[in-house]
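Only one structure is covered here, and it is reproduced in the block below.
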Amino acid sequence: MSQKLFHVSLSPHIQTRDSIQRIMLDVIIALLPALAVALYVFGLGALQTILLAVCSAVFFEYILQKFVLRVKPTVSDLSAVVTGLLLAYNLPSNLPWWMVIVGTFVAIGIAKMSFGGIGNNPFNPALVGRVFLLLSFPVAMTTWPKPLVNRTALTDVVTSATPLSVLKEGVNGGQTVSTLSAQLPSFWDLFIGTIGGSLGEVSALALLIGFIYLLWRKVISWHIPAAIIVTITIFTGTLYLLNPAVNAHPVFHLFTGGIMLGAIYMATDMVTSPMTYKGMLIFGVCIGLLTVIIRVFGAYPEGMSFAILMMNAFVPLINKFCKPKRFGEKI
Amino acid sequence: MIKTFPKGGVHPPDNKLSCDQKIVRLPVPEQAIVPLSQHIGAPAKAVVKPMDLVKVGDLLAQNNGFISANIHAPVSGKIMKIDDCIDVSGYKNKSIIIKTEGDSFAEGIDISQDLNEEIRLTPQQITERVASSGIVGLGGATFPSHVKLSVPKGKTCDYLIINAVECEPYLTADHRLMLEKGKEILTGIRIILKALDVSSAIIGIENNKKDAITYLETLTKNVPEISVQALKVQYPQGGEKQLIKALLGREVPAPPGLPIDVGCVVFNVGTVFAIYEAVQKNKPLIERVVTVTGKAVKKPSNFLVRIGTSVQQLMQAAQADMDQAGKIISGGPMMGKALNSLDIPVVKGTSGILVLPWEDSKRAEVENCIRCGRCVTVCPLGLEPYLLSKLSQKAFFERAEDEDIINCIECGCCSYTCPSGRPLLDFIRHGKTTVMNMIKQRGKK
């Protein structure tokens, strides 16, 4: 009996049943309501873009790991699916198919795999892919299909400007917000998502449902999204109160563009966000400030992607200076 | 009101399979292996030689310095040899091997079960008796108890804390002891209060032992100096730093800070019972309650066993399924030690034998750190396990020291919670040991 060999290891001898795969699956589940809205609002174009992005992201990750890096492929952890999905959510639904593939190649190949795969990338891969496309193909990336009317069309779609670009161009052209408001959708349309924009960012409602799911599953904490949203509300609210003629209402800012998608799903990417709650709050506040600065004072109508990527670069620094309070340490 | 500590911690499944099993006395083993080092500090020095005859409770080995403890014969019989035997540490250590003959106790030991509540000894005599009886902390840390009873000059103690948390999953030894020996434990607490000259004691119990809380609350109804405090279930609340924080809101300073620096002395509830027996019954520490449990055990049980009994005998008594067994752990699943042999004896610090089935005994596959920060969130000491682990792995020990690696209490919350299955604590332990040695070397220069 004592001949039998047993496992030996250091404690602890039990582990949680949580895994990277489970976390990624939760993120995918949380993104499903927004997927449904995207299909409803943009139809086949959205379906094509999402499928292309997800499949090519998984394909690139597998090929690069198997034949270039010669490591065990980790596609089963579903992180490539999440990257593909998030990148698709950040694209106009009628983007030419090859641009989608170029985008996922940049996201997976350059932003993720060249740094050593999951966990080692300093910047959010999906955002790197999106910004690469935005800088390379500015026209295609800012041509937005009109909501609800293009459901069955893959090419020759009817396009329209997004609420943010209507605002930006209008104000730059000397008009006031109140005269522009006739061209802008109502707050209710903004909230449920029947507006133009990137295919996954339009519905604040769908994204918030996913947020509640992620909080309930304890995949993310409230700190980063809350810090971003509160900062943007205060900043744009102050500007609105100071000069309502050229500055939009804070609610308009919150529900347009990529703020909800960015605050809930992109800025909270574990790999590229700070470790401590204090760090997360600083990170979120800075993203909020940068976004509004770019939107209101910069050349681009939208600034969420740039703000998150810029703050990604500061994460190591934030981690270094936002230490948790050591037990027994006197404050 | 239910209390707990504010920062960190995890809540693994309780799995208290044996919580309704009464404590059963196991038969005296045919042979006892008694290691000379069953406590923190210097190993004891043997005072017997082969072929000597000993009775139960006779002194086998004398303490060797202030932080050390006496060791007594757990069985009566003949000393066979003093030899190197594998103990819980996995290494060979000097042990006394006794062949059992009969079961006769040394003179002066009261083996009756009668309750004796009258404390006759003076504080000085209590401390001496605790030292001569070889009592050590039975929660697992095995720190010699008489050292804690002598409060250093310049320090004052205003609270005695009784650790009845038993936060490790599976273990139920303390729980059963409280239910079955509540009055003895109360007397033990009064003995320690007298020795320390302190007027209040708090018993901290986790809320998954409601019957023990109710029972001790009834017993202490007319004892103003002893109170019972229910605690929310949260591992590692049984760590003394977390327990003091939960009960009193005081934070023990970083090492070398001790509970006495915030006016507390902490005793495990099992130790309190051992002190009761030593002081009131003149009975040295020769036996203890051990939980034998796990999913590969048919009859999870709580046994009263003599020190030196082999793990194999305990497992047989609890009908462990040897075909299923994949990992044998001395202690709980979070901080216990995996055993590599069944001949290893029960020692003073053995609170449980946990038999995990084969499928639960392998670790998860290690994946990349995704910097989710969960290890930082669950660390009850406010450390950054991902960082300490990386620094230790890359041998940046000076930086690890700056990041307070020696504060780590090795509770294992970080490794438990890591979704990538990374062995964070393995590396941190290595780093901590290296840094401790570096500090020691610096002290010598």
Requested in this report: Give a quick list of trypsin sites (Lys or Arg not before Pro) in segment B:1-61 that DSSP marks as loop, anything other than H, G, I, E or B, with at most 11 other Cβ atoms within 10 Å.
Outcome: B:Lys22
Requested in this report: Report, in debye and to the nearest 20, how large the dipole of the protein assembly as shown comes out about its Cα centre when Lys and Arg carry +1 and Asp and Glu carry -1 on their Cβ.
Outcome: 1040 debye
Report task. With all protein chains present, calculate the accessible area of B:His11 using a 1.4 Å probe and round the result to the nearest 10 Å². Result -> 100 Å²
Requested in this report: Calculate how many DSSP beta bridges within the protein assembly as shown are antiparallel, expressed in % of all such bridges and rounded to the nearest 5.
Outcome: 60 percent
Report task. Using only Cα atoms, locate the centre of segment A:34-78 and the centre of segment B:173-216, then give the distance between them in Å, rounded to an integer. Result -> 60 Å
Requested in this report: Would you list the P(r) distribution for segment B:338-436, with all Cα-Cα distances sorted into 10 Å bins from 0 and each bin expressed as a whole %?
Outcome: 15, 39, 31, 15, 1
Query raised in the report: Which percent of the accessible area of chain A is formed by carbon and sulfur heavy atoms (probe 1.4 angstrom)?
Result: 71 percent
Report summary line: Proximal lysine pairs in chain A, meaning Cα under 21 Å and 8 or more positions apart or interchain, come to 9
**Report entry** Point-to-point label distance, B:Val223-A:Ala245, nm (Cα→Cβ direction, 7 Å offset)
**Finding:** 8.1 nm
Query raised in the report: In 10 Å bins starting at 0, how do the alpha-carbon pair distances of segment B:25-100 split up by percent?
Result: 21, 51, 26, 1
Query raised in the report: Under the classification rounded if a/c is under 1.5, otherwise prolate if a/b is larger than b/c and oblate if not, where does segment B:123-281 fall, given a ≥ b ≥ c as square roots of the Cα gyration tensor eigenvalues?
Result: rounded
Query - Area accessible to solvent at B:Asp84, 1.4 Å probe radius, in Å² - result: 70 Å²
Query raised in the report: What helices in chain A pass both tests, a Cα length along the helix axis of 27 Å or more and a mean Kyte hydropathy of 1.0 or higher, using whole DSSP H runs?
Result: A:20-42, A:44-63, A:223-242
Report task. Under a 10 Å cutoff between Cα atoms, tell me which one of A:Ile228, A:Ile220, A:Ile287 has the largest fluctuation in the Gaussian network model of chain A. Result -> A:Ile220
Report task. Heavy atoms only, probe 1.4 angstrom, no DNA, RNA or ligands counted: give me A:Thr233, B:Thr309 ranked by accessible area, highest first. Result -> A:Thr233, B:Thr309
Requested in this report: Just reorder A:Tyr89, A:Tyr277, B:Tyr91 by solvent-accessible area, largest first, 1.4 Å probe, all chains present.
Outcome: B:Tyr91, A:Tyr277, A:Tyr89
Query raised in the report: Toward the positive end of the charge dipole of the protein assembly as shown, about the Cα centre and with charges on Cβ (Lys, Arg +1; Asp, Glu -1), which of B:Ile275, A:Ile192, B:Ile428 goes farthest?
Result: B:Ile428
**Report entry** Average beta carbon contacts from partner chains per residue of B:233-243, 10 Å cutoff
**Finding:** 0
Requested in this report: Over every pair of different alpha-carbon atoms in segment B:287-360, take the mean of 1/r and invert it; report that Kirkwood radius in Å.
Outcome: 11.7 Å
Report task. Report the antiparallel proportion of the DSSP beta bridges in chain B as a percent, rounded to a multiple of 5. Result -> 60 percent
Report summary line: A:Val68 and B:Ser341 label points (each 7 Å along its Cα→Cβ direction) are spaced in nm at 5.4 nm
Report summary line: Of the accessible area of segment B:287-360, computed with a 1.4 Å probe and all protein chains kept, carbon and sulfur make up a percent value of 46 percent
Query - Descending semi-axes in whole angstrom, ellipsoid equivalent of chain A, from the Cα gyration tensor - result: 36, 26, 17
Requested in this report: Report, largest value first, the span of the C-alpha coordinates of the protein assembly as shown along each principal axis, in whole Å.
Outcome: 104, 55, 55
Query raised in the report: How high is the relative contact order of chain B, given as a whole-number percent (alpha carbon pairs under 8 Å, six or more residues apart)?
Result: 19 percent
Query - Prolate/oblate/rounded call for segment B:247-374, Cα gyration tensor, a/c under 1.5 rounded - result: oblate
Report summary line: In square angstrom to the nearest 100, the accessible surface buried at the A/B interface, both sides summed with a 1.4 Å probe, amounts to 4700 Å²
Query raised in the report: Can you tell which of A:Thr176, A:Ser160, A:Pro250 lies farthest toward the positive end of the dipole of segment A:134-292, using +1 and -1 charges on the Cβ of basic and acidic side chains (Lys, Arg; Asp, Glu)?
Result: A:Pro250
Requested in this report: Would you please state the base-10 log of I(q)/I(0) at q = 0.14, 0.15, 0.25 1/Å for segment B:41-84, with intensities from the Debye formula using one equal scatterer on every alpha carbon?
Outcome: -0.32, -0.36, -0.86
Requested in this report: On a C-alpha basis, how far is the centre of segment A:266-293 from the centre of segment B:128-169 in Å? Whole number, if you could?
Outcome: 46 Å
Report task. Using just the helices of chain B, give the 222 nm mean residue ellipticity in deg cm²/dmol: DSSP H runs with n ≥ 4 each add -39,500 (n - 2.57), and the total is spread over all residues, rounded to 500. Result -> -8000 deg cm²/dmol
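The values are calculated or read from the model by the stated rules, or taken from the named source; none is laboratory data. Note that the structure is a prediction, hence the values are computed from the model and not measured. Cβ: placed from backbone, ideal geometry, glycine included. Neighbour counts: every protein chain shown. Note: areas computed on protein heavy atoms with side chains; ligands, DNA, RNA excluded. Shrake-Rupley method; radii C 1.70, N 1.55, O 1.52, S 1.80 Å.
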